[in-house]
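Below is one structure, written out as structure tokens; the observations come after it.
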């Protein structure tokens, strides 16, 4: 997951944007290459169980560098690693990659077996659930063995001949990275506009193509975000520009298709650098919505789609602490807001005066039930609500006000319109709402629920249904007691027939930031560990919204330390209740969850046998002190602004890089992406360098950098499996479990 993976509580039609361009800082004076990567004056690293003695681990050169903030000096001898143009930096990263590959070489049969097992579980010819829009049924279909889908449509009926909208495999040819992050068809159905990121840094090129011929008629807009919106006549395309250094989305432009981009009109510019701009069409397609979003406040403007050059109007002016998200259907705006409702409510307002004074409740707040997203239809509203680490789907009829709870397939799990790719709701005239459900022992499934009849129709089941046997697994919810708050929920899944006295090997996963919950969903790749005796655990720590807005607030800013202590408590309860063998407990987190890992290993290095930190955000003070780094200004309300002395004090207290000390650390597997703009590769690189310098133990530290990837790793649906297989083989090996090539036990029972 991203250091920042923003999930807006808006209608499901909203498109998530991703990433930022990697910045280049002026390097330190060069030193000879042989000095930059030194051989340590220590004995060779302790081998992995059963493996050969490894070569000496790389050691990054220390170059004096002092950072001063609030009158306090901090020594950062690895600051030079920030310059990826420096060949010494690349040499160091490649040396780390070589060391990690050498450490993993004895595990190649296990890696290959796990990769084959996971790849076999992917549907070679997967087809999405078609959805209706503008007289067509759209779908995304994978050919056998393809990394990317073909987007096609059928006119009128599902039996009609398919017409290709975008051939992603063809478009991706010749590109190391290809990320199609948004596409929208023009109102008349003749053209498609789409945004592609070719580097993984969240800077896009905007294309416009004729659907009938596939001919690309425009590709001149570059350095853009992925948000797009058409005018009603399809002659004008709205897009968002991003700052070329920070990649903050800050300008909305209006472009006449076929015209010179130099003549594009600036529609809106967000001058406050703590806000980011978003753009989309309302569900009714009557309005184009432009949002300025900050972690703790929002401001939305709108313009009629049939009058794209008219003046923007504001729903509600920005006020500190006021957040709201807007959609439009019929003749009304529907607004999800936290005004007088910390866990959010849904209100309605007219077009002429949609300000807060005119807001009337459609769905009142239910404290402790956080509304995370909503979708408006002609006759009802559907919304997701999170409560006690589960997500529920609710319906409110607009004609009668009657409320309906959509039936749940299982007690523990995630039920949502916004978290499943096939759960597309774009036609407000339908009487059905489409949603997905997933649980630790329930592979994702897509349903239609008919609001008028109460009929629930299964549309699609995940390919896991053909190999996964839910009856073999137990799913439980336990809690970890705390001294300073409500207990932490922990969700477990394990094989019923593989529990052993004294505890099993166990993997505890966590995130705890931005109000993003660690959802108790089905994780197909990790089931391979459960099938080999692991207990898989999801820690629902503070910083997420598993228990409402208050749960989030108690895990951010001055209260961030709670995320770490919650995770530690979750690990301890796994041992105390006999689920985890204390010698074989592992932890995993990525991005902001990697920050969690960094904090936990500093606080309790003895608790875990091994820790996986994927693209970890670990150099909190340095990153948050530099407003030119992507996400910095936007995230002052998440971590704090270290320029403020009070904020600095709580941030420095947990910043993983700043708190590495002389102690025996657990084994670590750390990853990075060279083109990652959300967490610069240099953060984990510096962290690993300092860990190697100060670690008094002999547990291995492996650090792998994807040299062509961004925050999300390799593009394509198979690209990530190789990295996942390496991590899983490493965990299994440290747990003393040999992975056999014959496949998981459940496959043969």
Could you sort 85-92, 67-74, 626-633, 263-270 so that the peptide with the highest average Cβ count within 10 Å comes first and the rest follow in order? 626-633, 85-92, 263-270, 67-74
Taking Cα atoms only, helix 719-734 is inclined relative to the longest principal axis of the chain by an angle, in degrees rounded to 10, of 40
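Working from the pairwise distances between different alpha carbons, so that the mean of 1/r is found and then inverted, what is the stretch 331-466's Kirkwood radius in Å?
That comes to 15.6 Å for the stretch 331-466.
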Please arrange 324, 136 by counting, for each residue, the other beta carbons lying within 10 Å of its beta carbon, fewest first. 136, 324
Give me 93, 54 sorted ascending by neighbouring Cβ count inside 10 Å, so fewest comes first. 54, 93
Would you mind estimating how fast the chain diffuses translationally, via Stokes-Einstein at 37 °C and 0.692 mPa s with the Kirkwood radius over Cα pairs, in µm²/s? 123
At the level of C-alpha centres, the distance separating the stretch 594-624 and the stretch 508-550, in angstrom, is 17
Let me know the Kirkwood hydrodynamic radius for the stretch 460-542, please, with Cα pairs as the basis and the value in Å to one decimal. 14.1
Angle between the Cα long axis of helix 561-576 and the longest principal axis of the chain, 0 to 90 degrees, nearest 10? 70
Part-to-part distance (alpha-carbon centres) for the stretch 666-705 and the stretch 323-358, which is given in Å: 45
By how many degrees, between 0 and 90 and to the nearest 10, does the Cα long axis of helix 87-104 differ from the longest principal axis of the chain? 70
Taking the Kirkwood radius as the inverse of the mean 1/r across Cα pairs, report the Rg/Rh of the stretch 408-491. 1.09
By per-residue mean of other Cβ atoms within 10 Å, what is the highest-first order of 373-379, 643-649? 373-379, 643-649
Mind sorting 494, 138 by how few other Cβ atoms lie within 10 Å of their own Cβ, fewest first? 138, 494
For the chain, what does -39500 (n - 2.57) per DSSP helix run (n ≥ 4), summed and divided by total residues, give at 222 nm, in deg cm²/dmol to the nearest 500? -5000 deg cm²/dmol
Return one quarter of the surface area of the convex hull spanned by the alpha-carbon atoms of the stretch 567-622, equal to its mean projected area, in nm². 3.7
Using the Cα gyration tensor of the stretch 256-403, the equivalent ellipsoid's semi-axes, largest first and to the nearest Å, work out to 29, 18, 14
The stretch 60-135 - Debye-derived log10 I(q)/I(0), Cα point model, q = 0.19, 0.28 Å⁻¹: -0.92, -1.18
What is the packing order of peptides 453-463, 599-609, 390-400, taking the mean over residues of other C-beta atoms within 10 Å and listing the highest first? 599-609, 390-400, 453-463
The stretch 526-647: projected area of the alpha-carbon convex hull, averaged over directions, in nm²: 8.5
Cα-based Kirkwood hydrodynamic radius, the stretch 422-463, one decimal, Å: 10.9
Computed over the Cα atoms, what is the radius of gyration of the stretch 47-181 divided by 2.2 N^0.38 Å, N being its residue count? 1.75
Post the alpha-carbon centroid distance, the stretch 262-287 to the stretch 102-140, in whole angstrom. 35
Which three lengths, in whole Å and largest first, does the stretch 301-382 cover when its Cα atoms are put on their principal axes? 43, 33, 19
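All of the numbers you see were taken from the coordinates with simple rules; none came from a lab. Bear in mind the structure is a predicted one, so any value in this text is a computation, not a measurement. Glycine gets a Cβ as well: all are built from the backbone with ideal geometry, and neighbour counts include every protein chain shown.
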